[in-house]
Structures are given as C-alpha cells and as structure tokens.
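Below is one structure, written out as structure tokens; the observations come after it.
The values are calculated or read from the model by the stated rules, or taken from the named source; none is laboratory data. Remember, it's a predicted structure, so these values are computed and weren't measured experimentally. Counting neighbours? That spans all protein chains shown, and the Cβs are built from the backbone with ideal geometry, glycine included.
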Amino acid sequence: METSVSHYLFSELTLKEIRRIVTLREQRVAIDSWFKDDQVILSEAEKHQTAYIINCLLPYETTLMNEATIWGRAIYPMLLMSEKDDLQAHAEVPLDAEYPCFGLHGIADAVIGKCQAGVMDVPYIIVVGGKRGPEGKNPRFQLYGELLAAARINWEENPEPEKTVFGCYTIAVESTREYVEKIEAETILKALKYMVSRYVPQKGVSCDEM
C-alpha cells in the first residue's frame, strides 16, 4: 500500500499545516539573551558602511517604497557585509526538500550559505521579506517551512541527529529616528555576523580525495 506524500509551497504555509508536519515550540528570546554585544566587534569600515546604508534611507519615505527597493537599499547590503569564507549571500534561492512524509518547495528571498561553483549548495541562514498591505501574511510560517527545508538539505550533506539553522524575517523599514539610530543598524549587522560565526564547516570528500 502506497503512502501519499503531501507537498507544500513556502508561501502558502499556515500554522495548521506547520503543526501537521512538525512539533512546533516557540520561545520569546531577545537578541541580547542569545549573544553578548562584545562577542561581535564591528570594524571601522563596517561601521562606515552601516552609516552609509542608513543615510541612503533617510531622504525617502520608505513606507511608499516597494519591498524590492528596500531590500536593495538596506537588507541585502547587510547580508553581504556578514559574508565569511565560503558563506555567501544569495537572493531568490530555490529550496526543495523531501522528508519521508512531506515535501517543501519554493523560493527563499535570501540565503546565506555554502556555495559551490557560484551556486548555493547548503543554506544556513534564511531571510524572508514579509509582504505589506492587503496581500501581507504572517511571515513566520513561510520562514518555518524554509528552515525545515534548509535543515533537511544540511542533513543530506552530513547526517546528524540535530541541525542548527538560523532564520529571520523583515516586515517593513521605517525612516524614523527610532529605526535609523546607528546602534540599531549595528545591532542587526552584529546579529547576522554572530549567526555566521556559529557555522561549523562540515567535513566532506574533496575532488582530490575521490
């Protein structure tokens, strides 16, 4: 007797579907409770780059910008600044993962992960850009699905009982004094760099060893 396998698109996931396929446990955690500010030190060049990003937003009404423009001006530049070694930031990354009882498919807005020959190979940090307006949905369910897909892809490369992947989502960027304070932007960059620093390269077989 064949068992049917359900397939889900990231953009269409709901809380009910997430609970159907996994046991979900959420915890409210502040940034300063999972990494200390002195664990990540920004260089002077990084501080200047962060200030430049902020200055590029100040003259504009960001609430009137579309998501792609905000991503290009603010979000993606910070992802680029958090790159390290073979971990690179890519936008619009296809993710496909097959679990024994369900499949997950779709396009991640942005991914930081290991690349091979310029192609995203193993995702490690997933970034979802939440939609605004009438079409806006809770971005967490999409993020959860993409994290599950990333965990599966990581497991297929190196099977282990537990896999750690990071994810975050953006909803809107406001050009208010509260948002554009330098320390706020630097905190976001530090959080990204901390996630990247937690990455432990998996040992694999190189071409020379085959």
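Tabulated values for the structure
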{"item": "Subset tally (residues that are touching a residue at least 40 places away in the same chain (Cβ under 8 Å) and of a type outside the set (A, V, I, L, M, F, W, C)) for the stretch 86-99", "result": "4"}
{"item": "Condition check for residue 104: touching a Gly at 6+ places or on another chain (Cβ under 8 Å) and within 20 Å of residue 15 (Cβ to Cβ)", "result": "yes"}
{"item": "Residue tally, condition at pLDDT 85 or above and either under 16 Å from residue 75 (Cβ atoms) or among the charged types (D, E, K, R) (or both), over the stretch 49-63", "result": "4"}
{"item": "Residue pairs meeting the criteria (Cβ under 9 Å; at least 6 apart or on separate chains; first more than 19 Å from residue 193 (Cβ to Cβ), in the stretch 112-136; second of a type in the set (Ser, Thr, Tyr) and modelled with pLDDT under 70)", "result": "132/63"}
{"item": "Strands (runs of 3 or more DSSP E) contained entirely in the stretch 54-138, each with at least 1 residues that are surrounded by fewer than 20 Cβ atoms within 10 Å (Cβ to Cβ) and of a type in the set (Val, Ile, Thr)", "result": "102-116, 119-129"}
{"item": "The stretch 159-180 - residue that is more than 19 Å from residue 126 (Cα to Cα) and part of a loop (DSSP other than H, G, I, E, B) and, of those, modelled with the lowest pLDDT", "result": "175"}
{"item": "Failed condition for residue 156, given (1) under 23 Å from residue 85 (Cα atoms); (2) surrounded by 13 or more Cβ atoms within 10 Å (Cβ to Cβ); (3) at pLDDT 90 or above", "result": "(2)"}
